[in-house]
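The structure under discussion appears below in the form of structure tokens.
The values are calculated or read from the model by the stated rules, or taken from the named source; none is laboratory data. No experiment lies behind these values; they were computed from the predicted model shown. All Cβ positions, glycine included, derive from the backbone under ideal geometry; neighbour counts span all protein chains shown.
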Amino acid sequence: MAKQEFKAESKRLLDMMINSIYTHKEIFLRELISNASDACDKRSYLALTDDSVGMSRQDFAISLSVDKVARTITVADNGIGMSQEDLENNLGVIAASGSYKFKQEVGADTKDTDVIGQFGVGFYSAFMIADHITVSSRKQGADNGYSWESDGAEGYSIEVCDKETVGTTITIHVKDDTEDEHYSDFLEDYKLQQLVRKYSDYIRFPIQMDVTKQERVDSDKEGAEPVYIPVTATETLNSMVPIWQRPKADVTDEEYNAFYQEKFHDYTAPARTLHVGVEGNITYKAMLFVPAQPAMDFYTTEFKKGLQLYSSGVMIMDSCGDLVGDHFRFVRGIVDSPDLSLNISRELLQHDRQLRVIANNLEKKIKSDLMKFMTDDRDTYNEFWKHFGRQLKYGITAEYGAKKDLLQDLLLFYSSTEEKFVSLGEYVSRMKEDQTSIYYATGESVGRIAKLPQIEGLQDDGVEILYLTEEVDEFVMQILREYNEKPFASALDANRGANGDDTQDDSAHQSTLDFVKEALGDAIASAKVSHTLKSHPVCLTAGEGLSFEMEKYFATMQPDSQIKAQRILELNTSHPSFAALETAISADPEKAKQYAQLLYAQSLLIAGLPLEDPSAYTDLVCGLMV
Ligand SMILES: Nc1ncnc2c1ncn2[C@@H]1O[C@H](COP(=O)(O)OP(=O)(O)OP(=O)(O)O)[C@@H](O)[C@H]1O
């Protein structure tokens, strides 16, 4: 076959490889071994349902060999193998690689080399140390093999080749040493052994290599020097114990982080790691991670939640969505249980009782770990909250609040008095004895809410108010209704009364209110005397049902939305504007009408609602000036 050119993006990546710094180069072996292991997994999985494969799990192995003279390292596996088409598709186009795609998304902020260092770029990383690579492969079920060859930048070629057994053999020709780089190191047995232990220890297939040791042979003759002879034996270099099967105390933070970053393609270490072992009715090990930041597609429908599911170390499902609820969908991790059957079909799996038990169990563990997170490391929890808080709130509103008991303790809201995010538990613990409700106020931003006229009274009394700025917040309040038996109350509610003076008699102003209602017509539902305003002339409150924030939310979803909250115009009778209005009503009713319109427009502006007719408003203001 004629030489094929790499696709443009592959070329760029190759350049990156060739110029990468030394400490990153060593990950090439991890990448090749991990591919070999995946290929063994695939074939062993196939063997479960296809008798013609004729292999069982213990028949699989990955073998390493070195030829110092020829300067080659060979990684061979008896996994699933690749057809001509697979070679073309998988090794000809780098864009298929998960990490490269990720790198593109991260964009210019991340240095190329960082990405390589964190989790490699798959097969291509071999070009960091090699100037020629040969891949010969024979796919399960195929009659012959194919060999793929490349010198890197120039492209690649594929030819039919003799290969007797199913699997893949990758031979890389190690570059000559240069002044700065001692590539020959990689041709040393000890170096490869060291790299396998460092990066691939938990691979669940034996990684074997013929290792030569000098063995001492004692001479029969007395006083003679001992003789050493080289003895070569095949050794398994990795312990094959997956990291999650090891006792917690033996696993370092670095190992947890490296495992997470490699497995879940994240370039930052996790914010939280949870390693659990449960024995009893159902036995399992789980390793869960809370990412430090959401995946690129986290808040899109593209994102697939789920944990990797293993049965005694063998992966049976890459992403088992049933293991985590939507509210904790940001959690990444693995579950391994010997109680799950290997060849269980995926449909069956979904209804598996054991899975439900594990999922419920994990849910409690995640919750208690997040609680611990919140108290032990609040700064980082705040970061977590910034990224995933919205998801927890959605969780409260879902399923008619079925998860509210689980999630409500984890919520944070901005506090007017503390001027930072606080939990509901913290709010309640600070409540004065005579305060019966948890106050909240909704609006576009903390700054805007803080200036809402209705809450001035509470603010002056030093009452703590939770400022809610997200669309979902009001739905959360509707579901929660109370926390620790303390009801939530909107600080913007005209009838709140708790701190206001309810004995006040408004009837003296009834005719003024009637006038205002008459002047504004259907624009408002009613006009009333405010019991909450202090220094401001007017405010707008919503009647029962829809709030203004919800109205705004619907308007963003659908710009011509006719869903409107009921508008109640509240007037501050002790404000001079009210006296001016009353005087105008008797002296100049036309002007009084304009005053009413002006006050209504102001209440809309303060509430962050659009004016129906902005130019009529400016005409009105100017008209009153002259
Ligand atoms: N030893 C092998 N046996 C069978 N298929 C292989 C082998 N090595 C690579 N492949 C195939 O080539 C593809 C590309 O491999 P590569 O290492 O570049 O990327 P990846 O493993 O898919 O992604 P990444 O390593 O970035 O997570 C693999 O997905 C696999 O299909």
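Observations on the model:
- Yes/no for residue 221 being more than 40 Å from the chain's Cα centre (by Cα) and not assigned by TED's automatic domain parsing to the domain that holds residue 312: yes
- Scan of the stretch 63-81 for residues that are assigned to a strand (DSSP E or B) and polar (S, T, N, Q), ordered by number: 63, 65, 72, 74
- On the stretch given as the stretch 559-584, residues that are touching a helix residue (DSSP H, G or I) at 6+ places or on another chain (Cβ under 6 Å), surrounded by fewer than 21 Cβ atoms within 10 Å (Cβ to Cβ) and more than 17 Å from residue 507 (Cα to Cα) total 4.
- Scanning the stretch 202-220 for residues that are among the charged types (D, E, K, R), assigned to a loop (DSSP other than H, G, I, E, B) and exposed (fewer than 13 other Cβ atoms within 10 Å of the Cβ) yields 218, 220.
- Pairs where the first residue, in the stretch 114-140, is more than 21 Å from residue 155 (Cα to Cα) and at pLDDT below 80 and the second is part of a loop (DSSP other than H, G, I, E, B) and within 10 Å of the ligand (Cβ to nearest atom), C-beta under 9 Å, 6+ apart: 115/121; 118/265; 119/265
- The stretch 542-575 - residue that is among the charged types (D, E, K, R), at pLDDT 85 or above and over 16 Å from residue 474 (Cα atoms) and, of those, nearest to the chain's Cα centre (by Cα): 567
- Residues within the stretch 38-63 that are within 15 Å of the ligand (Cβ to nearest atom) and among the acidic types (Asp, Glu), tallied: 2
- Evaluated against (1) surrounded by fewer than 19 Cβ atoms within 10 Å (Cβ to Cβ); (2) in contact with a His (Cβ under 9 Å, 6 or more places away or on another chain), residue 230 falls short on exactly one condition, (2).
- Per the listing 156, 146, 199, 183, the residue uniquely surrounded by 17 or more Cβ atoms within 10 Å (Cβ to Cβ), under 37 Å from the mean Cα position of the chain (by Cα) and in contact (Cβ under 8 Å) with a residue 24 or more places away in the chain is 199.
- Complete set of residues in the stretch 455-487 that are touching a Gly at 6+ places or on another chain (Cβ under 9 Å) and farther than 21 Å from residue 390 by Cβ: 457, 463, 484
- Single residue of the stretch 121-146 satisfying the filter (of a type in the set (Gly, Ala, Ser) and within 13 Å of the ligand (Cβ to nearest atom)) that is nearest to residue 52 (Cα to Cα): 142
- Taken together, 311, 319 contain a single residue that is surrounded by fewer than 17 Cβ atoms within 10 Å (Cβ to Cβ), in the same structural domain as residue 248 (by TED's automatic domain parsing) and without any contact (Cβ under 8 Å) to a residue 60 or more places away in the chain, which is 319.
- When residues in the stretch 522-536 are screened for being assigned to a helix (DSSP H, G or I) and either modelled with pLDDT of 95 or more or within 46 Å of the chain's Cα centre (by Cα) (or both), 1 of them pass.
- Considering (1) modelled with pLDDT under 95; (2) of a type in the set (A, V, I, L, M, F, W, C); (3) touching a strand residue (DSSP E or B) at 6+ places or on another chain (Cβ under 6 Å), the lone condition that residue 203 does not fulfil carries the number (3).
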